[in-house]
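These notes are about the structure you will find just below.
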Amino acid sequence: MSNYEPRPTITVCIPAHNEESTVGNIVRHLHEQYQRRRQLIDEVIVVDDRSSDHTAQVAWAAGARVISTVDVCAEFGGSIGKGDAIWASLRACRTELIGWVDADLVSYPKNMVESLFAPLLVDPTITLVKGSFCRMDKTGNQVVGGRVTTLTARPLLEMFFPKLEHLRDPLSGMFAGRTEVLGALMLDADYGVDIGIVLDLAAKYGSESICEVQIGELMHRQRPLNELSAMATMVVRAIVSRVPRAHLTGCSDAAADLEIAHQLVRRMSPRKQTQQLFAIGTGD
């Protein structure tokens, strides 16, 4: 991109549910490092997803534009999970490029935002950039992380979508893409959204349109196994519901109809005026 060409406009979104202890610092970091000083970010949006604490107030005080899934998702009965927060982000976004960072970050790599958006700025064939990172504990030691990724997502990708094996962190919540491209997708309403976006873009534009960048060391809050169990179920559902029927050899008709995807809800594309619900295998 020439120095004389204006860069594409950029929004960074932070989906947040009860993250009052961390979201303010993240917003201030983004504002200071990228919005005010380097002028790389045009807007920071915090998507408050049904928080019962002061997440929205803290984010607003730190300088973010705050939207609520209670309001944005009201037309289909309200949010039921992370995917609806991503949907709301895309619905509210006013820029050409959009990225997401986690709301529970305790530390931030120096060039986190530059790393996520760089491929999109230099290569028009890239539709999605996933951020891969090393997980650190409070003492600065690397910890075993990505448990759902390691035990669930990557084995299924290896089995059914081998062209995506190159992704080390396919479930990473740190990612960026082109607003119009992502906004044209149907999105899983729950934790299946991250892998669903990857699979749908790969199907439409090819796996080569998705790249992964190393964004450094991050410190997250470790989640208990009971939370991860529910997340793993949603991830499995999102992946298996996209497996071509031809790969489900030896399955019964019921399995071919993806009984595992019962109650899977996908939202119609957030960049369209008419919104609907799409349920797979509900039998209703």
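The values are calculated or read from the model by the stated rules, or taken from the named source; none is laboratory data. Source: prediction; values computed, not measured. With ideal geometry, Cβ positions are generated from the backbone for all residues, glycine too; neighbour counts draw on all protein chains shown.
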- Considering each residue of segment 85-97, count those that are part of a loop (DSSP other than H, G, I, E, B) and among the hydrophobic types (A, V, I, L, M, F, W, C), and give that number. 1
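Per-residue answers, yes or no, for (1) out of contact with any strand residue (DSSP E or B) (no Cβ under 8 Å at 6 or more places or on another chain); (2) surrounded by 21 or more Cβ atoms within 10 Å (Cβ to Cβ):
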{"position": "Leu171", "(1), (2)": "yes, yes"}
{"position": "Met174", "(1), (2)": "no, yes"}
{"position": "Thr179", "(1), (2)": "no, yes"}
{"position": "Tyr191", "(1), (2)": "yes, yes"}
{"position": "Ser209", "(1), (2)": "no, no"}
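For every residue, the table says whether it meets (1) touching a residue at least 60 places away in the same chain (Cβ under 8 Å); (2) in a helix (DSSP H, G or I).
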residue	(1), (2)
Pro124	no, no
Glu158	no, yes
Leu171	yes, no
Ala202	no, yes
- Task: From (1) out of contact with any helix residue (DSSP H, G or I) (no Cβ under 9 Å at 6 or more places or on another chain); (2) modelled with pLDDT under 95; (3) farther than 20 Å from Lys82 by Cα, pick out the condition that doesn't hold for Pro162.
- Result: (2)
- Residue set Val44, Val66, Val27, Val58; condition without any contact (Cβ under 8 Å) to a residue 60 or more places away in the chain, crowded, with 21+ Cβ neighbours inside 10 Å and touching a Phe, Trp or Tyr at 6+ places or on another chain (Cβ under 7 Å); output residue Val66
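Does Ser89 satisfy the condition of being surrounded by fewer than 19 Cβ atoms within 10 Å (Cβ to Cβ), among the small types (Gly, Ala, Ser) and in contact (Cβ under 8 Å) with a residue 60 or more places away in the chain?
Judged against the criteria, Ser89 is not a match.
One line per residue, one yes/no per condition, for (1) of a type in the set (Gly, Ala, Ser); (2) in a helix (DSSP H, G or I); (3) at pLDDT below 95:
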residue: Leu185; (1), (2), (3): no, no, no
residue: Glu208; (1), (2), (3): no, yes, no
residue: His220; (1), (2), (3): no, no, yes
residue: Arg223; (1), (2), (3): no, no, yes
residue: Met231; (1), (2), (3): no, yes, yes
residue: Met234; (1), (2), (3): no, yes, yes
